[in-house]
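*Asks:* Okay, here's the structure, questions in a sec.
The values are calculated or read from the model by the stated rules, or taken from the named source; none is laboratory data. Nothing here was measured: the structure is a model prediction, and the numbers come from that model. So basically every Cβ, Gly included, is an ideal-geometry build from the backbone, and we count neighbours across all protein chains shown.
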Amino acid sequence: MISHHLPALQVVVPLMAAPLCFLLGRYRRLGWILSTLVSWLCLWIAVRLAFQVADGGQIQYAFGGWAPPWGIEYRVDQLNVLVLLIVSGIASVMFPYSWSSVQNEVDPEQQPLFFTCMLLCLAGLLGITITGDAFNLFVLLEISSLSTYTLISLGRDRRALTASFQYLIMGTIGATFILIGVGILYMLTGTLNMADLSDRIGEIGESRALQAGFGFLIVGIGLKLAMFPLHLWLPNAYAFAPSIVSAFIAATATKVAVYVMVRYLFTIFGHEFSFSAMYIHWLLIPVGLIAVLFTSIVAVFQRDIKRMLAYSSVAQIGYMLVGIGLVSTTGLTATLLHLFNHALMKGALFLSMGAVCYRLGNTLIDNMDGIGRQMPWTMGAFVAGGLSLIGVPLTVGFISKWYLILAALEKGWWPIAVIVVLGSLIAVIYVWRVVEAAYLHQRPDQSVTVVEAPASLLVPTWILVLANYYFGIDASFTTGFTSSAATTLFGAP
Amino acid sequence: MNAFSLFNYWIVIILMMAGFYTVIASGNLVKKIVGLNIFQTSVFIMYISMGKVIGGTAPIVTVNSELYSNPLPHVLILTAIVVAVATTALGLSLVIRIKEAYHSIEEDDILAISQREDEAE
């Protein structure tokens with residue numbers, strides 16, 4: 001009975017828990033325990049769903065018993081179950097971490113609000129992923145975005161407020177562009193159901209309105225996923241948000257936006273329209289490559305390590321866009337793999353920076369001289385995660401870059417492979433800066449002595465670090481899922 | 001189809017551009033929010049216009065008329081209006097906190113202060 005309703009529960013459980021968490025009010029620890037349990041429940045649901053679609057099937061769930069295309073449909077296939085696993089998996093590692101970190105970084109009276117917004121954000125992200133309805137996607141996108149703006153503004157630094165405001169302006173413009181695009185599609189087809197949309201768009205043929213709708217959607221989604229020139233909101237938002245928020249949204253929010261891009265390009269518009277008629281890859285590849293080079297170089301010059309990681313995130317998004325732009329199953333597999341793998345590596349890196357912030361109060365590189373010896377486990381996690389970010393063999397970063405280079409060479413576009421390698425070399429430089437400061441510099445005499453971060457922070461960080469190596473050594477699960485999802489996306493018209 | 005039959009859509013475009021311009025060009029944070037609001041309002045009008053069926057009545061079951069407007073875009077846009085109200089409320093409350101923290105709501109002033117803080121780090 002319950003198992004039939006799993007797709008709905010995936011979103012409804014965190015959504016219902018959010019107001020409950022707010023009502024718990026000053027029983028802050030209870031609110032935290034509730035949200036942690038909810039995140040574990042979400043992971044369990046996602047795993048159950050993954051088993052159900054592992055053989056390539058689909059789960060269709062009509063919300064409220066209203067048959068699609070009139071009612072809202074939730075649809076689970078191999079593509080979005082992967083994203084569901086990422087989002088709920090990352091959440092279930094990060095919610096346990098959040099308590100100590102939040103005690104240190106957020107005012108006690110704002111903490112119930114904090115956990116409420118985290119749950120709302122989780123519900124929104126899971127909903128975006130699972131929904132099969134274009135308008136429902138917009139609403140859930142706004143649920144997750146609005147809660148993210150709030151979470152960012154809870155940062156202690158007053159620059160968090162301006163970062164949040166800037167994100168609000170750009171994020172709302174992006175969401176409104178998506179709304180316009182969905183409206184144009186509705187005008188043309190008279191439907192909002194994604195599967196139905198894809199059938200009817202195929203029948204329209206050449207249409208200026210369809211092209212306009214496509215443009216609005218790409219720009220709107222591009223703003224949300226921080227596609228290169230539209231990424232300006234991201235660095236400050238990640239740098240000044242509370243550590244756990246940076247970690248959570250860096251690992252999930254942009255990944256979900258990339259998923260939405262893939263869903264629109266391949267499922268709704270179909271790869272023939274997107275690539276053969278609209279030549280979108282001629283936008284995605286240059287933009288992705290510029291992002292890889294430019295933002296990696298910018299990252300090298302950052303003094304705040306959280307902001308450095310944020311710029312590196314934009315570069316990693318670049319790799320994903322290049323993967324989509326290669327228009328091959330290998331390229332798309334590389335994108336989906338990197339989606340999964342980047343969530344693991346950025347999650348681990350941001351969590352280790354959260355632990356540094358817990359002891360030092362900030363993440364400026366100048367203050368990190370010599371802390372490698374005083375916080376061995378924390379900095380060890382950073383180095384291990386950094387190796388994965390660079391793409392050293394046996395880490396997940398290697399797997400996805402390997403597939404990306406393979407896809408580029410398959411097409412004979414070797415300059416792309418060169419730029420991918422170059423991007424990794426720049427990553428070596430910015431990771432090395434931290435290693436050099438933490439291990440090779442002496443701790444200045446007059447500075448405060450720091451001790452190792454508490455286990456409540458270290459255990460979740462190391463779970464993610466080990467996941468980086470586990471999925472790097474045994475990639476059969478991730479590559480199997482992603483390549484089968486990519487084949488399905490290319491096979492279906 | 002003459003130009004006047006697309007009157008609603010001309011209004012949509014004018015409002016959209018006016019709002020978008022205000023968001024980008026205005027340095028005052030409250031004006032930015034107002035511009036954002038106008039921008040979103042234009043999309044509401046677009047949705048409401050697309051539901052109109054010429055000669056159709058309100059979508060209520062009556063014996064007199066068979067032809068009625070499409071109610072679905074109206075329902076959709078109700079949701080989007082709620083989202084827009086929430087965004088405006090959140091945006092304005094952020095402006096209040098920015099005013100408390102920076103004693104200004106002019107983007108140039110805030111940017112100058114932030115830049116000094118960045119350099120001081």
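*Asks:* Of the residues in segment A:307-336, how many are aliphatic (A, V, I, L, M) and closer than 30 Å to residue A:357 by Cα? Give the derivation first.
*Replies:* Applying the first criterion (aliphatic (A, V, I, L, M)) to segment A:307-336 yields A:308-310, A:314-315, A:317, A:320-322, A:324, A:326-327, A:332, A:334, A:336.
Cutting the leftovers down to closer than 30 Å to residue A:357 by Cα gives us A:308-310, A:314-315, A:317, A:320.
Total satisfying the criteria: 7.
*Asks:* Follow-up. Within segment A:107-120, identify whether any single residue is touching a Lys or Arg at 6+ places or on another chain (Cβ under 8 Å) and polar (S, T, N, Q), and answer yes or no.
*Replies:* Within segment A:107-120, one or more residues are touching a Lys or Arg at 6+ places or on another chain (Cβ under 8 Å) and polar (S, T, N, Q).
*Asks:* If you don't mind, another one. From A:162, A:254, which residue is in contact with a helix residue (DSSP H, G or I) (Cβ under 8 Å, 6 or more places away or on another chain) and either among the aromatic types (Phe, Trp, Tyr) or within 11 Å of another protein chain (Cβ to nearest Cβ) (or both)?
*Replies:* Checking each option against the conditions leaves just A:162.
*Asks:* Let me ask another. Which of (1) within 14 Å of chain B (Cβ to nearest Cβ); (2) within 23 Å of residue A:133 (Cα to Cα); (3) in contact (Cβ under 8 Å) with a residue 60 or more places away in the chain is the odd one out, the single condition residue A:211 does not satisfy?
*Replies:* That leaves (1) as the condition not met.
*Asks:* Go through segment A:139-170 and report how many residues are aromatic (Phe, Trp, Tyr) and either in contact (Cβ under 8 Å) with a residue 60 or more places away in the chain or under 18 Å from residue A:7 (Cα atoms) (or both).
*Replies:* Start the filter on segment A:139-170 by keeping residues that are aromatic (Phe, Trp, Tyr), which leaves A:149, A:165, A:167.
Now drop any that are not either in contact (Cβ under 8 Å) with a residue 60 or more places away in the chain or under 18 Å from residue A:7 (Cα atoms) (or both), which leaves A:167.
The qualifying residues number 1.
To keep it simple, each residue is scored yes or no on (1) at the interface with another protein chain (Cβ under 10 Å from one of its Cβ atoms); (2) under 30 Å from residue B:102 (Cα atoms); (3) under 17 Å from the mean Cα position of the chain (by Cα).
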site	(1), (2), (3)
B:10	no, no, yes
B:20	yes, yes, yes
B:23	yes, yes, yes
B:49	yes, no, yes
B:59	no, no, no
B:64	no, no, no
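So that you can scan it fast, the table gives a plain yes or no per residue for (1) touching a His at 6+ places or on another chain (Cβ under 7 Å); (2) crowded, with 16+ Cβ neighbours inside 10 Å; (3) closer than 15 Å to residue A:315 by Cβ; (4) modelled with pLDDT of 90 or more:
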position: A:342; (1), (2), (3), (4): no, yes, yes, yes
position: A:351; (1), (2), (3), (4): no, yes, no, yes
position: A:366; (1), (2), (3), (4): no, no, no, no
position: A:380; (1), (2), (3), (4): no, yes, no, yes
position: A:408; (1), (2), (3), (4): no, yes, no, yes
position: A:418; (1), (2), (3), (4): no, no, no, yes
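*Asks:* Across segment A:37-66, what is the number of residues that are under 18 Å from residue A:196 (Cα atoms) and modelled with pLDDT of 85 or more?
*Replies:* 7
*Asks:* Now, a different point. Which condition from (1) more than 9 Å from every other protein chain (Cβ to nearest Cβ); (2) in a helix (DSSP H, G or I); (3) among the polar types (S, T, N, Q); (4) surrounded by fewer than 15 Cβ atoms within 10 Å (Cβ to Cβ) is the one that residue B:79 breaks?
*Replies:* Going through the list (1) more than 9 Å from every other protein chain (Cβ to nearest Cβ); (2) in a helix (DSSP H, G or I); (3) among the polar types (S, T, N, Q); (4) surrounded by fewer than 15 Cβ atoms within 10 Å (Cβ to Cβ), residue B:79 breaks only (1).
*Asks:* Taking residue A:179, is it in a helix (DSSP H, G or I), within 12 Å of another protein chain (Cβ to nearest Cβ), under 19 Å from residue B:87 (Cβ atoms) and not small (Gly, Ala, Ser)?
*Replies:* Yes.
*Asks:* Quick one: in segment A:14-32, of everything that is under 30 Å from residue A:132 (Cβ atoms) and in contact (Cβ under 8 Å) with a residue 60 or more places away in the chain, which residue is surrounded by the fewest Cβ atoms within 10 Å (Cβ to Cβ)? Write out each step before concluding.
*Replies:* Of the residues in segment A:14-32, the ones under 30 Å from residue A:132 (Cβ atoms) are A:14-22.
Filter once more, so that each one left must be in contact (Cβ under 8 Å) with a residue 60 or more places away in the chain: A:14-15, A:17-19, A:21-22.
Details: A:14: 27, A:15: 19, A:17: 24, A:18: 24, A:19: 12, A:21: 28, A:22: 16.
So the residue we want is A:19.
*Asks:* For residue B:100, which of the numbered conditions (1) farther than 19 Å from residue A:163 by Cα; (2) over 16 Å from the mean Cα position of the chain (by Cα) fails to hold?
*Replies:* Status for residue B:100: all satisfied but (1).
*Asks:* Please verify whether residue A:125 is more than 14 Å from every other protein chain (Cβ to nearest Cβ), surrounded by 24 or more Cβ atoms within 10 Å (Cβ to Cβ) and under 28 Å from residue A:304 (Cα atoms), treating the condition exactly as stated.
*Replies:* The answer is yes for residue A:125.
*Asks:* While we're here: Show the residue pairs meeting these rules: Cβ distance below 8 Å; 6+ apart or different chains; first residue within segment B:88-108 and within 9 Å of chain A (Cβ to nearest Cβ) and closer than 22 Å to residue A:143 by Cα; second residue at pLDDT 95 or above and surrounded by fewer than 13 Cβ atoms within 10 Å (Cβ to Cβ).
*Replies:* From segment B:88-108, no pairs qualify.
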